[in-house]
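Reviewing the structure listed below.
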Amino acid sequence: MHRYFGLDGPLDVRQRLAYLFVILDRSPRDGGVGVGELEAWLRRQAAARLDAVTRREMARHDMDGNGAVTLREFFAGECVRKNLGFTTLRVATY
């Protein structure tokens with residue numbers, strides 16, 4: 001697989017498509033890629049990307065590492081302070 005999608009070597013689009021085509025042609029394995037097969041693959045790719053983004057954002061904001069982001073943790077991020085000019089932020093606790 002790495003020879004088709006790796007960073008070294010020339011980009012061979014035909015080899016990459018041939019490799020990907022086999023992955024897409026799942027049910028039935030008939031030598032063709034149907035709408036359902038393509039849609040299922042696109043959904044899997046989107047879910048994988050969303051999962052990666054979610055994990056990255058949670059790691060960025062979950063300051064105490066408990067697996068949940070509080071409003072205080074969220075607003076404590078550098079991005080908010082820099083973009084909105086907050087120096088201190090008081091968040092009500094309930």
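The values are calculated or read from the model by the stated rules, or taken from the named source; none is laboratory data. Since this is a predicted model, take the numbers as computed values, not measurements. Cβ sites come from the backbone with ideal geometry, for glycine too, and all protein chains shown count toward neighbours.
For the reader, a short list of remarks on this structure follows.
- Restricting region 57-83 to residues that are of a type in the set (Lys, Arg) and surrounded by 10 or more Cβ atoms within 10 Å (Cβ to Cβ) leaves a set whose member that is modelled with the highest pLDDT is 60.
- Any pair with Cβ under 9 angstrom, 6 or more apart, that starts in region 38-50 at a residue that is part of a helix (DSSP H, G or I) and ends at one that is of a type outside the set (D, E, K, R): 38/24; 40/24; 40/27; 41/20; 41/23; 41/24; 41/33
- From the options 71, 42, 50, residue that is aliphatic (A, V, I, L, M) and more than 16 Å from the chain's Cα centre (by Cα): 71
- Residue check for residue 37: in contact with a His (Cβ under 6 Å, 6 or more places away or on another chain) and at pLDDT 85 or above: no
- From 86, 21, residue being modelled with pLDDT under 85 and of a type in the set (Phe, Trp, Tyr): 86
- Among the numbered conditions (1) loosely packed, with under 10 Cβ neighbours inside 10 Å; (2) modelled with pLDDT of 90 or more, the only one that residue 42 does not meet is (1).
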